[in-house]
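Scroll down for the structure; my scribbles are underneath it.
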Amino acid sequence: AAIQTRLDVFSKHEDHTEEEYQALIGSLRRQTERLSLLVKDLLDMSCMEEVPMQDAIDVAPLMDEIAHELEPLAEKKGMSFRTEGGGTVLGSDRLIARALYNLAENAVKYGPDGGQTRLCAELNGADIVITVANQGPCIPPELRERIFEPFFRADTARSRELGGVGLGLALVRAIAEIH
């Protein structure tokens, strides 16, 4: 709808400057990327049951890779990103990577400028507990379960500004439950 509206408004006028064309192209790119991410998230959620769950996943290098991928976003906000610990888990490498990435990306996006994001793994009996933390405001207790619902946003004004479609944490929950 956003793409169609933008095109309709643009086409009502005949003479456009180069800046207006560039602004339209930029807007269409952002909207197309958003739509692509939505489709990818929906496809991922629909076919998780078919993914093999027999990968032995070394968590430390995976966390380091995620930190490296999110480094530009963290640097933009003047944040540091630390990883700690490790261990090996059995499951789907692709799905675990996606869940950890989604959690870490949220921690960076919603953490305060100049703060720190940590991605930690520690052994707890036979389990590995993975924690993602930032120094941002806490999610109110009454919303802590709801943030895992598809399309739910705790802070709609900030969420729209930061991008995403509201499926990241729903996907994280689904991945955790399937494992």
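Here are the numbers:
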quantity	calculated
Scope the stretch 22-55; condition aliphatic (A, V, I, L, M) and either loosely packed, with under 13 Cβ neighbours inside 10 Å or outside any helix (DSSP H, G or I) (or both); matching residues	ILE25, VAL39, LEU43, VAL51, MET53
Residue count, the stretch 1-21 (criterion: in a helix (DSSP H, G or I) and either hydroxyl-bearing (Ser, Thr, Tyr) or open to solvent by less than 100 Å² (accessible area, probe 1.4 Å) (or both))	11
Yes/no for ILE128 being within 18 Å of the chain's Cα centre (by Cα) and hydrophobic (A, V, I, L, M, F, W, C)	no
Subset of the stretch 56-67 [in a helix (DSSP H, G or I) and among the β-branched types (Val, Ile, Thr)]	VAL59, ILE66
Of all residues making up the stretch 137-152, the number that are of a type outside the set (D, E, K, R) and exposed (fewer than 11 other Cβ atoms within 10 Å of the Cβ)	4
Test result for LEU73, open to solvent by 70 Å² or more (accessible area, probe 1.4 Å) and either modelled with pLDDT under 95 or β-branched (Val, Ile, Thr) (or both)	no
Where a residue in the stretch 44-67 is under 18 Å from ARG82 (Cβ atoms) and its partner, wherever it lies, is surrounded by fewer than 14 Cβ atoms within 10 Å (Cβ to Cβ) and aliphatic (A, V, I, L, M), with Cβ under 9 Å and at least six apart	none
Close pairs (9 angstrom Cβ cut-off, 6 or more residues apart or separate chains): over 19 Å from LEU37 (Cα atoms) and in contact (Cβ under 8 Å) with a residue 60 or more places away in the chain in the stretch 99-126, in a helix (DSSP H, G or I) and open to solvent by less than 10 Å² (accessible area, probe 1.4 Å) anywhere	ALA121/VAL59; ALA121/MET63
Failed item, numbered, when ASP93 is tested on (1) open to solvent by 40 Å² or more (accessible area, probe 1.4 Å); (2) touching a strand residue (DSSP E or B) at 6+ places or on another chain (Cβ under 6 Å); (3) modelled with pLDDT of 95 or more	(3)
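Here is a yes/no grid of residues against (1) modelled with pLDDT under 90; (2) within 24 Å of ALA174 (Cβ to Cβ); (3) not β-branched (Val, Ile, Thr):
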position	(1), (2), (3)
VAL39	yes, yes, no
MET45	yes, yes, yes
PRO52	yes, yes, yes
LEU62	no, yes, yes
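The values are calculated or read from the model by the stated rules, or taken from the named source; none is laboratory data. Small disclaimer: the values here were computed from a predicted structure and weren't measured. Here the Cβ is made from the backbone with ideal geometry for all residues, glycine too, and neighbour counts use every protein chain on show. The protein model used for the area step is the full one, side chains on, heavy atoms only, and it has no ligands, DNA or RNA in it. Shrake-Rupley method; radii C 1.70, N 1.55, O 1.52, S 1.80 Å.
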